[in-house]
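Asker: Could you have a look at this structure, given as structure tokens, before my questions?
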Amino acid sequence: MALATGSTIGILGGGQLGRMMAVAALQLGYRVVGFAPAGDNVAADACTAFITADWDDRQALKDFAELCDVVTWEFENVPVSTVAALPEALLACPVRALEVAQDRLREKAFAASLGGVPAPYRAVDSAADLAAALAEVGTPGILKTARDGYDGKGQWRVRSGVEAGAVTFPGVTCIYEGFVTYETEFSVILVRGKDGTVKFWDSTANLHEGGMLARSVLPAGGLVEAQVAEARNLAAKVADGLGYVGVLTLEFFATREGPVFNEMAPRVHNSGHWTIEGAATSQFENHIRAICGLPLGVTKTRFEAIEMRNIVGEEALRAHAILAEPGEPHLHLYGKAEAREGRKMGHVTRVGHLLK
Ligand code: AMP
């Protein structure tokens, strides 16, 4: 049954993804209560109420649960214990999706078990494991913390055998993976409804700078287009396997040998921000529709060409000037208090030529 208008959606996490999700929820007549530890919780501006408490504050979680008719998350590192402390009936999506996606080793093994091809990798739990992984996988490669890394944080590139001698085990479980020679990075973003219906948005080419997404572009180019079907097939199997409900993202490298699975995010994704103006239904709206049991919207791309570019750090202070530029810029600013270096502050989407 669909969640009635006026019902309340709980969102765990307080960042820009929650903010844009809340805007979509409000548009569909829902109320939104956010929950996150103290910080620059920019989602709060768009929420009917916002609870600021630690992830392990059981009383605050109880209060939150009492306000909500359904609960979702906008951040994949919400502790599993936090989600498990909520009544299961409130959860839009099984907690297993978080458990798998929070751990690079688990997500790669899970994708591989469904036929996905990850980069060659080894688990690293000690200095001896690291030495063995470097020897077996070789260089170049990347050492990544298995958990809690994002936007290129918690990663160390090992370019050569000489550098391999200088890397040390960081003291937490890591994954060492071979460096993939790719033409383009792309993501598959899907929405899965409660009834198991799956819809995909077009895959953008994703350009990263310093390990962080800088731009997403459509059309994505011939190589990506040739590999999307195989990547979608894996993404649908992952979603079905997890009993997933909502928007799910899988990231890939398009290589000459086919799509290489990199990682998954059990949530709306930065590379899907273009869907707000560029698709018939945005990733945010369809996530809300899915978790509320509403019919899913058409995901079709509306324009011939689309570019989404992130606004990072101090550029945000001058970002209003973008509105005077040609090319139909759609500016989104997240209202973050501090324009720190490397911080995602907003994005701008440009679209060209409406598709008939
Ligand atoms: P991740 O946090 O795993 O998404 O890594 C951030 C970015 O680093 C990716 O989007 C790629 O641009 C780059 N990267 C990560 N892993 C690899 C790899 N195994 N080979 C080549 N580039 C990688």
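The values are calculated or read from the model by the stated rules, or taken from the named source; none is laboratory data. As the structure is a prediction and not an experimental result, all values here were calculated from the model. Positions of Cβ are generated from backbone atoms using ideal geometry, with glycine treated the same way; all protein chains shown enter the neighbour counts.
Asker: Can you confirm whether segment 255-274 contains a residue that is among the basic types (Lys, Arg), under 30 Å from Leu3 (Cβ atoms) and assigned to a helix (DSSP H, G or I)? Working first, answer last.
Answerer: Pass one, segment 255-274, residues among the basic types (Lys, Arg): 256, 267.
With under 30 Å from Leu3 (Cβ atoms) added as a condition, the list becomes 267.
From the residues that got through so far, the ones that are assigned to a helix (DSSP H, G or I) too are none.
No, that holds for no residue.
Asker: Can you tell me which of (1) touching a Gly at 6+ places or on another chain (Cβ under 7 Å); (2) within 12 Å of the ligand (Cβ to nearest atom) is the one Trp201 doesn't meet?
Answerer: Going through (1) touching a Gly at 6+ places or on another chain (Cβ under 7 Å); (2) within 12 Å of the ligand (Cβ to nearest atom) one by one, Trp201 breaks only (2).
Asker: Still on this model: Quick one: would you say Arg215 is of a type in the set (Lys, Arg), in contact (Cβ under 8 Å) with a residue 60 or more places away in the chain, over 24 Å from Asn77 (Cβ atoms) and within 16 Å of the ligand (Cβ to nearest atom)? Don't jump to the end; show me each part of the working.
Answerer: Details: of a type in the set (Lys, Arg): yes; in contact (Cβ under 8 Å) with a residue 60 or more places away in the chain: yes; over 24 Å from Asn77 (Cβ atoms): yes; within 16 Å of the ligand (Cβ to nearest atom): yes.
Considered against the rule, which asks whether it is of a type in the set (Lys, Arg), in contact (Cβ under 8 Å) with a residue 60 or more places away in the chain, over 24 Å from Asn77 (Cβ atoms) and within 16 Å of the ligand (Cβ to nearest atom), Arg215 comes out as yes.
Asker: State all residues of segment 200-224 that are more than 17 Å from Met308 (Cβ to Cβ) and exposed (fewer than 15 other Cβ atoms within 10 Å of the Cβ); if no residue qualifies, say none.
Answerer: Gly210, Gly222
Asker: Give segment 316-356 a look and list any residue that's among the hydrophobic types (A, V, I, L, M, F, W, C), closer than 30 Å to Ala38 by Cα and surrounded by 12 or more Cβ atoms within 10 Å (Cβ to Cβ), or say none.
Answerer: Our first condition is that a residue be among the hydrophobic types (A, V, I, L, M, F, W, C); within segment 316-356, this holds for 316-317, 319, 321-324, 331, 333, 337, 339, 345, 348, 351, 354-355.
Restricting the remaining residues to those that are closer than 30 Å to Ala38 by Cα gives 316-317, 319, 331, 333, 337, 339, 345, 348.
Those that are among the hydrophobic types (A, V, I, L, M, F, W, C), closer than 30 Å to Ala38 by Cα and surrounded by 12 or more Cβ atoms within 10 Å (Cβ to Cβ): Ala316, Ala319, Leu331, Leu333, Ala339, Met345, Val348.
Asker: Here's a check for you: in segment 167-195, which residue that is among the acidic types (Asp, Glu) and in a loop (DSSP other than H, G, I, E, B) is farthest from the ligand (Cβ to nearest atom)? Explain how you work it out, then say what you get.
Answerer: Just the residues of segment 167-195 that are among the acidic types (Asp, Glu), to begin with: 177, 183, 185, 195.
Narrowing further to those that are in a loop (DSSP other than H, G, I, E, B): 183, 195.
Working: Glu183: 12, Asp195: 31 Å.
Per the stated criteria, the residue is Asp195.
Asker: Take the residues of segment 282-298 that are surrounded by 20 or more Cβ atoms within 10 Å (Cβ to Cβ) and assigned to a loop (DSSP other than H, G, I, E, B): which is nearest to the ligand (Cβ to nearest atom)?
Answerer: Among those residues, the one meeting the criterion is Ser282.
Residues are listed down the side, and each one gets a yes or a no for (1) aromatic (Phe, Trp, Tyr); (2) in contact with a Leu (Cβ under 7 Å, 6 or more places away or on another chain):
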{"site": "Asp40", "(1), (2)": "no, no"}
{"site": "Ala43", "(1), (2)": "no, no"}
{"site": "Phe50", "(1), (2)": "yes, no"}
{"site": "Ala60", "(1), (2)": "no, no"}
{"site": "Asp63", "(1), (2)": "no, no"}
{"site": "Leu67", "(1), (2)": "no, no"}
{"site": "Val70", "(1), (2)": "no, yes"}
{"site": "Asn77", "(1), (2)": "no, no"}
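Asker: Considering every residue within segment 143-166, establish whether at least one is at pLDDT 95 or above, over 27 Å from His287 (Cα atoms) and more than 14 Å from the ligand (Cβ to nearest atom).
Answerer: No, there is no match, as no residue in segment 143-166 is at pLDDT 95 or above, over 27 Å from His287 (Cα atoms) and more than 14 Å from the ligand (Cβ to nearest atom).
Asker: Would you be able to say whether some residue in segment 227-237 is within 16 Å of the ligand (Cβ to nearest atom), touching a residue at least 24 places away in the same chain (Cβ under 8 Å) and among the aliphatic types (A, V, I, L, M)?
Answerer: Yes, segment 227-237 contains a residue that is within 16 Å of the ligand (Cβ to nearest atom), touching a residue at least 24 places away in the same chain (Cβ under 8 Å) and among the aliphatic types (A, V, I, L, M).
Asker: I'm told Thr255 meets every condition in (1) touching a helix residue (DSSP H, G or I) at 6+ places or on another chain (Cβ under 9 Å); (2) within 12 Å of the ligand (Cβ to nearest atom); (3) under 20 Å from Asn77 (Cα atoms) except one. Can you identify the failing condition by its number?
Answerer: Unmet for Thr255, out of (1) touching a helix residue (DSSP H, G or I) at 6+ places or on another chain (Cβ under 9 Å); (2) within 12 Å of the ligand (Cβ to nearest atom); (3) under 20 Å from Asn77 (Cα atoms): (3).
Asker: Exactly one of these conditions fails for Ala135: (1) more than 15 Å from the ligand (Cβ to nearest atom); (2) at positive phi. Give me its number.
Answerer: (2)
Asker: Name every residue in segment 96-132 that is within 12 Å of the ligand (Cβ to nearest atom) and at pLDDT below 95, in order of residue number.
Answerer: none
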